[in-house]
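Derivation of every value follows stated rules applied to the coordinates shown; laboratory data play no part. Here the structure is a predicted model, which is why all the values come from computation and not from measurement. Cβ placement follows ideal geometry from the backbone for every residue including glycine, while neighbour counts extend to all protein chains displayed.
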Amino acid sequence: MHSFSYSRAEEIASAVSKKAVGQQAAKFIAGGTNLLDLMKAKVELPQQLIDINPLPLKSIEATENGGLRLGALATNADTAYHEQVQQQYPLISQAILAGASAQLRNMATDGGNILQRTRCYYFYDTATPCNKREPGTGCSAINGFNRIHAILGTSEHCIATHPSDMAVALAALEATVNVTGTNGERSIPMLAFHRLPGSTPHLDNNLQPDEIITSLDLPPQGFAQHYTYLKIRDRESYAFALVSVAAALDMDGDTIREARLALGGVAHKPWRLPEAEAMLNGKTPTKENFGAVATAYLDGAQGYGDNTFKIELAKRAIVRALLQASSKK
Ligand SMILES: Cc1cc2nc3c(=O)[nH]c(=O)nc-3n(C[C@H](O)[C@H](O)[C@H](O)COP(=O)(O)OP(=O)(O)OC[C@H]3O[C@@H](n4cnc5c(N)ncnc54)[C@H](O)[C@@H]3O)c2cc1C
Ligand code: SF4
């Protein structure tokens with residue numbers, strides 16, 4: 001039996017100072033849909049749980065620059081069905097609704113969503129070596145069963161993927177993560193928030209131990225006319241992505257002004273390649289042009305046996321997603 005203390009934080013400052021004292025042994029709990037599973041599996045064994053649900057971080061509000069601020073404690077359901085999200089950022093709604101189940105989305109929060117941990121089977125199985133769970137023990141997936149694992153940005157220490165659907169759409173839209181710590185507030189671009197595994201796969205992201213996510217900012221450009229979130233998975237619902245694609249296009253008639261493309265299910269973080277996206281600037285939406293971008297995105301991809309199929313799958317998913325996005329009116 002693992003015992004831990006539980007307290008509720010009524011103010012952001014007290015939440016942060018409690019976390020600063022507890023450091024890694026203290027954990028914030030929001031919806032609890034990931035953390036509690038990890039505690040039951042004995043993957044996470046916090047000594048202190050700090051419940052952040054009383055904090056005033058549930059609102060979704062327009063920002064002065066024409067964008068939208070999603071409170072870290074806004075639920076995935078409230079976010080996906082929010083009128084302005086649906087109108088200005090339908091890509092976000094579509095990505096959220098492609099994930100989990102209605103019950104989970106009612107509990108899951110936007111901050112917790114981007115902090116959820118990998119679904120690597122070995123990470124959950126404390127009887128097996130795993131560098132992410134226990135640094136220095138090795139990676140069971142590289143020579144094990146790795147069907148759901150990464151093909152891009154991997155290292156010899158870890159080939160896990162990041163499982164969030166919402167994070168992929170946030171990366172495509174270039175959202176910003178607002179955080180508060182003992183040193184004050186800072187904003188982290190979504191693309192710099194998650195990390196590649198390198199030699200430190202136990203670190204999923206660049207949040208400091210004393211920092212709390214307070215909100216996520218969406219920039220004004222929501223690509224609401226031409227977008228798609230395509231999720232390829234083993235079952236049509238209630239399954240994580242094998243490969244997903246968030247595609248967003250800004251079009252002038254039949255000409256692409258700007259393209260955004262982020263992949264999920266293929267790396268330790270949402271995968272963006274701005275230089276490959278730029279190949280579409282000024283081009284028409286043809287299968288050939290989209291195929292060239294897909295080839296560039298998967299350049300250097302590496303399969304590990306069971307997951308090698310993802311390389312071709314990702315290329316085809318990119319082309320399909322871009323064709324769907326460009327044909328929307
Ligand atoms: C069966 C099942 C299926 C699922 N399917 C999908 C899917 O298809 N796609 C998908 O994207 N997700 C899926 N999920 C994951 C689900 O979306 C996440 O569990 C959820 O979004 C996490 O949010 P939460 O508020 O419950 O986080 P919690 O479990 O409360 O917290 C998660 C982590 O974030 C930390 N944390 C939470 N909020 C903050 C904050 N504001 N600041 C700092 N740290 C914080 C916690 O300390 C913890 O480490 C699934 C989950 C389950 C159980
Ligand atoms: S892929 Fe990463 S999470 Fe999975 S076993 Fe290897 S080190 Fe652990």
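Looking at the chain, the pairs of alpha carbons with a distance over 25 Å make up 50% of the total.
When the inverse distances between all different Cα atoms of region 51-92 are averaged and flipped, the Kirkwood radius reads 10.8 angstrom. Taking 315, 283, 132 as the candidate residues, the one with maximal mean-square fluctuation in a Gaussian network model of the chain, Cα springs under 10 Å, is 283.
With the charge dipole of region 63-122 set up from +1 on Lys and Arg Cβ and -1 on Asp and Glu Cβ about the Cα centre, the Cα lying farthest toward the positive end among the listed residues 122, 95, 85 is that of 122. Between residue 36 and residue 87, the contour length at 0.36 nm per residue exceeds the Cα-Cα span by 15.0 nm.
Hey, any idea what Rg/Rh is for region 254-325, computing Rh the Kirkwood way over Cα pairs? Over the Cα atoms of region 254-325, Rg/Rh equals 0.97.
What's the magnitude of the charge dipole for region 226-327 around its Cα centre, counting Lys and Arg as +1 and Asp and Glu as -1 at the beta-carbon? Answer in Debye, nearest 20. The calculation lands at about 260 debye.
Here residue 202 and residue 5 are evaluated by their C-beta separation; at R0 = 22 Å the FRET efficiency comes out at 0.40. Charged side chains reduced to their Cβ positions (Lys and Arg at +1, Asp and Glu at -1) give the chain a dipole of some 720 debye around its Cα centre. What translational D, rounded to a whole number of µm²/s, comes out for region 32-104 from Stokes-Einstein when the hydrodynamic radius is the Kirkwood one over Cα pairs, at 20 °C and 1.002 mPa s? Reported coefficient: 151 µm²/s. For the options 98, 127, 248, a Gaussian network treatment of the chain with springs between C-alpha atoms closer than 10 Å singles out 127 as fluctuating the most.
Going by Cα centres, region 168-246 and region 11-83 are how many Å apart? With region 168-246 and region 11-83 each reduced to a Cα centre, they are spaced 14 Å.
Taking Cα centre as origin and charging only the Cβ of basic (Lys, Arg, +1) and acidic (Asp, Glu, -1) residues, the dipole magnitude of region 5-53 rounds to 160 debye. How much mean residue ellipticity at 222 nm does the chain get from its helices, if each DSSP H run of length 4 or more adds -39500 (n - 2.57) and you divide by all residues, to the nearest 500 deg cm²/dmol? Per the formula, -7500 deg cm²/dmol. For region 5-53, the equivalent ellipsoid derived from the Cα gyration tensor has semi-axes of 19, 12, 7 Å, listed largest first.
Full extension of the chain between residue 156 and residue 237 yields a length gain of 25.9 nm, computed as 0.36 nm times the residue separation minus the alpha carbon distance. Taking the charge dipole of region 226-327 about its Cα centre, with +1 at Lys and Arg Cβ atoms and -1 at Asp and Glu Cβ atoms, the residue from 253, 242, 289 reaching farthest to the positive side is 242. To the nearest 0.05, what FRET efficiency results for residue 284 and residue 311 with a Förster distance of 25 Å applied to their C-beta separation? Working from the Cβ atoms, E equals 0.40. GNM remark for the chain: springs join alpha carbons under 10 Å apart, and the peak mean-square fluctuation among 215, 59, 237 falls on 237. Taking GluC sites (Glu not before Pro) as exposed when their DSSP state is a loop state and no more than 14 other Cβ atoms lie within 10 Å, the longest site-free interval of the chain runs over 237-329. Applying both filters, DSSP loop and at most 15 other Cβ atoms within 10 Å, to the chymotrypsin sites (Phe, Trp or Tyr not before Pro) of region 228-326 gives 238.
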